[in-house]
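The values are calculated or read from the model by the stated rules, or taken from the named source; none is laboratory data. As the structure is a prediction and not an experimental result, all values here were calculated from the model. Neighbour counts run over all protein chains shown; Cβ positions are idealised from the backbone, glycine included. Keep in mind that these areas ignore ligands, DNA and RNA; they rest on the heavy atoms of the full protein, side chains included. Shrake-Rupley method; radii C 1.70, N 1.55, O 1.52, S 1.80 Å.
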Amino acid sequence: MSNSGGNRVVELVQYGLGGVGRALFGLVTENAQAIYNQLGVDLRYRALVDSGSVLHLDENSALSPQHLRHLAAGLQGTPPERLINQQGAVKKPSDLAVLATELDRLRSDDRGARLVVVDVSGASENIMSPVITAALRQGQRAVLANKRPLCGPIQEYRQLVAAAGTGANRLRYETTVGAALPVISTVNSLLDARDRIHRVNGTFSGTLAYLTSRLEEGVPYSQAVQEAKDKGFTEPDPRDDLGGVDVARKALILSRLLGNDLELKDVEIEPLYPVELAELDIPGFMKSLPQLDEEYAQRVSDAAAEGKVLRYLATVSEGKCRVGLEKVDKDSPFGRLQGTNNMIVFTTNRYNQSPLIVQGPGAGAEITASGVLSDILSMARK
Ligand SMILES: NC(=O)c1ccc[n+]([C@@H]2O[C@H](COP(=O)([O-])OP(=O)(O)OC[C@H]3O[C@@H](n4cnc5c(N)ncnc54)[C@H](OP(=O)(O)O)[C@@H]3O)[C@@H](O)[C@H]2O)c1
């Protein structure tokens, strides 16, 4: 497809320069010209923001494509450069103030550009939810990989969604659930086509999928967790994965999309470690894990006696949301799932006897960045 005119300028204000943010910056910078040629979308960075600093990419101190590539290379280098060390970067007053500056500039530029706030940060909902809601209220757009702004109190969630309006395609968050896998878009397509979704079941954590596969192979719990940590599948503190809250956030996002007014505290969460281990430091926690080996080996063998295996599943149905270990038939789609892939099963009026299944890698900086870019472009084309 080639550009047949009707070019659109889309200006990005990106919050977050971690794994996903840096991958996205590199992806956009490398492909901006090809995107312009093929789709007529002129993607430009206006601001980059991390936890403490901002770099406003002002047209007057124009950063040429060459400079942008240099910046992208530095941010992704080994070791990666900090944003604050880049020419022009300053300590930020606040995340909202960064947005306000960009909105002012957009108004004074008067070039008909669209602003997209891209939240690929790890910031909390009380920081990012007001930023996104404010941008949407000003008629701008937002793309999120960060789940937290969609998981705050239901009133805030409603305000955020209402600010995006209906049918205007101004808020996209495909990568919050299953990275670039089409999960949110599948729910939206089913709902648009007036199907009724009875249940969504999913393995939404590659880390926990790995863990349950290894348990099934007879590996002790403590060893499986240590392996997952050594392979970089877990967060530095494995409790961030084992606690199930990240999976619960994904389940909550889906549940709210289905129209349920649940709060995060309403999601029933089964953590994979007991509360007594929550206060230990990381080495202490890792050392304490063998005490759980017997319990998990027993659960695996109880399941096997029934021809089943354990999977860490999210179950979202009308008014109910649970995440935890479930026994599933060994030869069911979930039972056959190995490795770190995610699998999401939709049971609907139309997909009933044979449910609709989406499967593939559900994490990774590059893949998530590609999903974020896809969201940005699908908005830009409307
Ligand atoms: N990685 C994946 O596979 C994946 C998949 C789907 C969704 N996500 C989501 O995508 C987001 C980014 O993931 P990641 O792996 O890139 O995380 P990460 O490597 O931990 O990076 C987080 C980034 O957020 C920045 N940040 C924190 N507070 C901020 C604030 N108030 N304003 C602006 N930036 C702020 C951090 O800045 P500093 O560097 O200054 O601390 C850092 O650059 C997370 O919300 C994650 O849950 C990730």
- Accessible-area value, R256, 1.4 Å probe, nucleic acids and ligands omitted, Å²: 10 Å²
- Could you tell me the accessible area of I357 in Å² (1.4 Å probe, neighbours in place), rounded to the nearest ten? 70 Å²
- Mind checking the dipole of the chain: about its Cα centre, +1 per Lys or Arg Cβ, -1 per Asp or Glu Cβ, Debye to the nearest 20? 1340 debye
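Order these peptides, 301-307, 362-368, by their mean beta-carbon neighbour count within 10 angstrom, highest first. Please list the in-between numbers first.
Working: 301-307: 12.6, 362-368: 20.1.
Per-residue mean Cβ counts within 10 Å order the peptides as 362-368, 301-307.
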- Can you list the HN-Hα couplings for the range 248-259, worked out from phi with the Karplus curve (6.51, -1.76, 1.60; θ = phi - 60°), rounded to whole Hz and with x for Gly and Pro? 4, 4, 5, 4, 5, 4, 5, 4, 5, 4, 7, x
- Query: Based on the Cβ-Cβ distance from S288 to S185, what FRET efficiency comes out when R0 is 56 Å, to the nearest 0.05?
  - Reply: 0.85
- Message: Which order do you get for K287, K250 if you rank them by accessible area with a 1.4 Å probe, largest at the top?
- Response: K287, K250
- Query: Could you state the principal axis extents of the C-alpha atoms in the chain, from the largest down, to the nearest angstrom?
  - Reply: 69, 49, 40
- Message: Please give me the summed charge of the neighbours of S288: other residues whose Cβ is under 12 Å from its Cβ, Lys and Arg +1, Asp and Glu -1.
- Response: -2
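With a 1.4 Å probe and all protein chains left in place, how much of the accessible area of the chain comes from carbon and sulfur atoms, in whole percent? List each step's numbers first, then the result.
Numbers: 8510 of 17370 Å².
On the chain, the fraction of accessible area on carbon and sulfur atoms equals 49 percent.
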- Query: Quick one: accessible area per residue over the range 236-382, 1.4 Å probe, rounded to a whole number of Å²?
  - Reply: 48 Å²
- Query: What list of ³J(HN,Hα) values in whole Hz, one per residue of the range 51-56 in order, does the Karplus curve 6.51 cos²θ - 1.76 cosθ + 1.60 (θ = phi - 60°) give from phi, with Gly and Pro shown as x?
  - Reply: 5, x, 9, 9, 10, 7
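Restricting to Cα pairs below 8 Å that are 6+ residues apart, what does the relative contact order work out to for the range 137-251? Please round to a whole percent. Don't jump to the answer; show the numbers that get you there.
Details: 81 pairs, mean separation 24.8, N = 115.
Rounded, it is 22 percent for the range 137-251.
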- Query: How would you order 347-356, 183-192 from highest to lowest mean count of nearby Cβ atoms within 10 Å?
  - Reply: 183-192, 347-356
- Report ³J(HN,Hα) in whole Hz for each residue of the range 182-198, in order, from the Karplus equation J = 6.51 cos²θ - 1.76 cosθ + 1.60 where θ = phi - 60°; Gly and Pro get x. x, 9, 4, 5, 5, 4, 4, 5, 4, 5, 4, 7, 6, 7, 10, 8, 8
- Which Cα, out of L356, G178, S189, lies furthest along the positive dipole direction of the chain (beta carbon charges, K/R +1, D/E -1)? S189
- May I ask you to derive the relative contact order of the chain, considering only C-alpha pairs under 8 Å and at least 6 residues apart, and to give it as an integer percent? 19 percent
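Compute the normalised compactness of the range 197-361: alpha-carbon radius of gyration over 2.2 N^0.38 Å, N being the residue count. If you can, show how the numbers build up before the last one.
Details: Rg = 15.8 Å, N = 165, 2.2 N^0.38 = 15.3 Å.
For the range 197-361, the normalised Cα radius of gyration comes out at 1.03.
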- What accessible area, in Å² to the nearest ten, does a 1.4 Å probe give for E125? 50 Å²
- Message: List the residues, sorted by chain then number, that are 5 or more residues from L17 or on another chain and whose placed amide H is less than 5 Å from its amide H.
- Response: none
- Item | Sum of -39500 (n - 2.57) over DSSP H runs of 4+, divided by residues of the chain (222 nm, nearest 500) | -12500 deg cm²/dmol
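Highest first, please rank the peptides 44-51, 73-80, 100-107, 128-135 by the mean number of other Cβ atoms sitting within 10 Å of their residues. Before the final figure, lay out each step's value.
On the way: 44-51: 21.6, 73-80: 12.2, 100-107: 15.8, 128-135: 23.2.
Result, highest mean first: 128-135, 44-51, 100-107, 73-80.
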